[in-house]
Amino acid sequence: MFMAVASFSTLITLLVMSVYQINILSSAEIRRVNSLAQILAPNVTASLIFNDKETIHELIEPLAHQDSVVMVSVIDEQGDEFTSIDIAENAARLDKQALTKTEASLEAYDSYYGSLIIYTDDSSIRKHVSFYLIFLGAIFIAIIILGFFLSLFASKRFIYPILRLAAVVNKVTHSHDYSIRATFSSFDEIGDLTKGFNSMLETISLRDNLLESTVQQRTGELKKANIELRDQAYKDSLSGLPNRRYIYELINEVSKNSETHTFSLLFLDLDGFKEVNDTLGHDYGDLLIVDAAKRIQAIINKGDTLARLGGDEFTIFLENVVEPCVIESIANRIRYEFNKPFLIRDESVHITASIGASSYPECGKSAEEIMKKADLAMYDAKSSGRNCYRFFHASMLEKLEAKKLVISDLRQALKNDELELFYQPIYNIETRKIDKAEALIRWHHPAKGVISPQDFIPIAEENGLIVELGNWVLQNAIANVRVFRQNLCPEFCVNINVSAAQLKPEDNWLSELILSLDTANLGANAIAIEITETALMTDRKKVVEDLRLLKEKGVEIAIDDFGVGYSSLSYLQQLKIDIIKIDKSFVQQLGIDSAGTTLCKTIAQMAKNLNIKVVAEGIEDEIQLEMLTEFGCHFGQGYFIAKPAQAKKFETFFHSFKPAHITPRNALREDALL
């Protein structure tokens, strides 16, 4: 292609130059002949005047030697040919060639005598053109040959490397293989281009390798993150066990995908775990959860699944196990292992397990149903005294419905003024007077009659309604103690019970209590609160601070049912308790069981040493009162002194009370108060 273009360009150039040369030669020839004619004209004119043909012949004969002159004529003034010369060898061309006529006037002294005519052809020009064309042809051939060799040289030096480079580019483009390299063949610009191209490929290759490495790293990190996210979604972070979501999806998947498949679910709750958290700290509780999980895992089969629902609750998925005897055997093995102490950081920790069970498909088709019924069975086990096992029964649902009905009715009772406070006197053994009373709630149900607190207080605690109920008790106790201080005794004190469920920080029970006392402006020691030992274990620091604020407001703190919960001498000092109340279960053993007698005596002596007052609950006869007085108890409370009574009847009792009334016969007269 390059050669064809070069040849065509050269040929055009030669043609243009040939035409140009012909025009130049033609013009030069005409000027030459004109010059000859002008030179000869004066002499020929003189000869013509004298009619001297010989002389004219001699003058014009030299023209015959000119290559291009064909004929020379001298014309007289009449226009006739005076003489002429025909060149013999050129005569044959007269009729065949187009001749050029050159005419010069023969004049002398402004007189016209004739003309000199010279006929010429282009033979001279053609000679020159032929030579020129031969010369140009030679040059053309030389140029073509030189161009051919130059093109070969250029192709080898420039074009071929570029084509090879282009082939490498094309190959890299289609294969995306950046490890391919172009061949380096020279040190000129093409070599620099090849070097630069290879360097670019090297950079791209390194970048791709780095990118691939980065992608692989990111892919690995993404897979790891996905695994971690799955673990977070389906695993418990503390124990490493499957979590609630996992076990729910497992139950739903098994129940939906296999109609013939059977399984059972154990719902396990740790008894006493909260006390461990509250007394030893949450780090101990976390370690206990991990150890408990390991202990359960060692008991169940490999095909079974242990999951932690949260807190101290576990579930066990028992595949292909529905026989009650097998389920009970597994539950009892777990209970047996949990009766053994756990060693947590050199501390011996004792907990037990309450276990409920349900099975598929007898107890439901969905995870929610099966889990709910196992949960109900577990709560029934807890209600039965803890550390036991229960399988779901339809009666448990009936109990649940009954609880829901109690809660619904209790909400209405708060609105409809169905609740009432009864007051049981607290007898001051030292002064032989009554200056305290415990407020006890009663529910007058419009259909069921009087409902005992034992039948609705625990349900209210479970449901959270205890907070509203506690506020109702507080407001009514404040109203009654105001009347008692006016009508009975200026320093009269009413004790109200505070549930552990009321001590939650989010319920703001303390601020409500302090605000009510400030608003009532009753003075110091008008209200005392009775709190159980178990309640003291909830968030010890918060409870200590709350009770300290109450004491600053003149509120006495009493520990109710002392000895039946988690007894600890440390909290008696930390909380600066004012009163401890010996539980009636110990008082009723006085004179019957030596252990009970010793225990009551020990508690009274300990309280004396700690400068804490003692109230003995559940006094039912004179002997018990005399023994408790001998032990150093400060107060007594029980049916032997008086039963709980409505506020008005309590006032009547107070005015009629005398120490002599405390006799066995008086204890039997229930109609005196109710």
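Every read-out reported here was derived from the displayed coordinates using simple, explicitly stated rules and does not represent laboratory data. Note that the coordinates shown come from a computational prediction; the quantities given were computed from them, not determined experimentally. A quick note on method: Cβ atoms are made from the backbone with ideal geometry, for glycine too, and the neighbour counts reach across all protein chains shown.
Relative to the dominant Cα principal axis of the chain, helix 453-463 is inclined by about 10°. Taking the Cα centre of the chain as origin and assigning +1 to Lys and Arg Cβ atoms and -1 to Asp and Glu Cβ atoms, the resulting dipole is close to 3280 debye.
Summarising the amide proton neighbourhood of Thr352: residues at separation of 5 or more, or on other chains, whose placed amide H is nearer than 5 Å comprise Asp271. Once the Cα atoms are used to define both axes, helix 509-520 deviates from the longest principal axis of the chain by about 60 degrees. Taking other C-beta atoms within 10 angstrom as a stand-in for reagent exposure, Met200, Met606, Met627, Met378 fall in the order Met200, Met606, Met627, Met378, fewest first. Among beta bridges from DSSP that stay inside the chain, the antiparallel ones total about 70%. A protection proxy built from the mean count of other Cβ atoms within 10 Å ranks the segments 494-502, 40-48, 296-304, most packed first, as 494-502, 40-48, 296-304.
Charges were assigned to the Cβ only: +1 to each Lys and Arg, -1 to each Asp and Glu. The resulting dipole of the range 244-392 about its Cα centre is roughly 140 debye. The smallest convex shape that holds all Cα atoms of the chain, its convex hull, gives 434 Å³ per residue. The spacing between the range 288-326 and the range 212-260, judged by their C-alpha centroids, is 19 Å. Where a ≥ b ≥ c are the square roots of the eigenvalues of the C-alpha gyration tensor, would you call the range 244-392 rounded, which needs a/c under 1.5, or, failing that, prolate if a/b is larger than b/c, or oblate? Because a/c hits 1.5 or more and a/b exceeds b/c, the range 244-392 counts as prolate.
Would you please name the GluC sites (Glu not before Pro) within the range 371-433 that are DSSP coil residues with at most 16 other C-beta atoms within 10 Å of their C-beta? Those that pass, being in a loop and sparsely packed, are Glu418, Glu430. Computed over the alpha carbons of the range 413-672, Rg followed by Dmax gives 17.8, 51 Å.
The chymotrypsin sites (Phe, Trp or Tyr not before Pro) found in the range 98-143 that occupy coil by DSSP, while having at most 12 further C-beta atoms within 10 Å, are Tyr109.
Test of understanding: ordering Ser516, Ser175 by Cβ neighbours within 10 Å, fewest first, what list do you get? Final ranking by Cβ density, sparse to dense: Ser175, Ser516. Within straight cross-link reach of Lys256, meaning Cα distance under 25 Å, which lysines are found once same-chain residues fewer than 8 apart are removed? Cross-link targets: Lys235, Lys302, Lys365, Lys372, Lys373.
Helical runs (DSSP H, four residues minimum) scored at -39500 (n - 2.57) apiece and divided by the length of the chain put the mean residue ellipticity at 222 nm at -17500 deg cm²/dmol.
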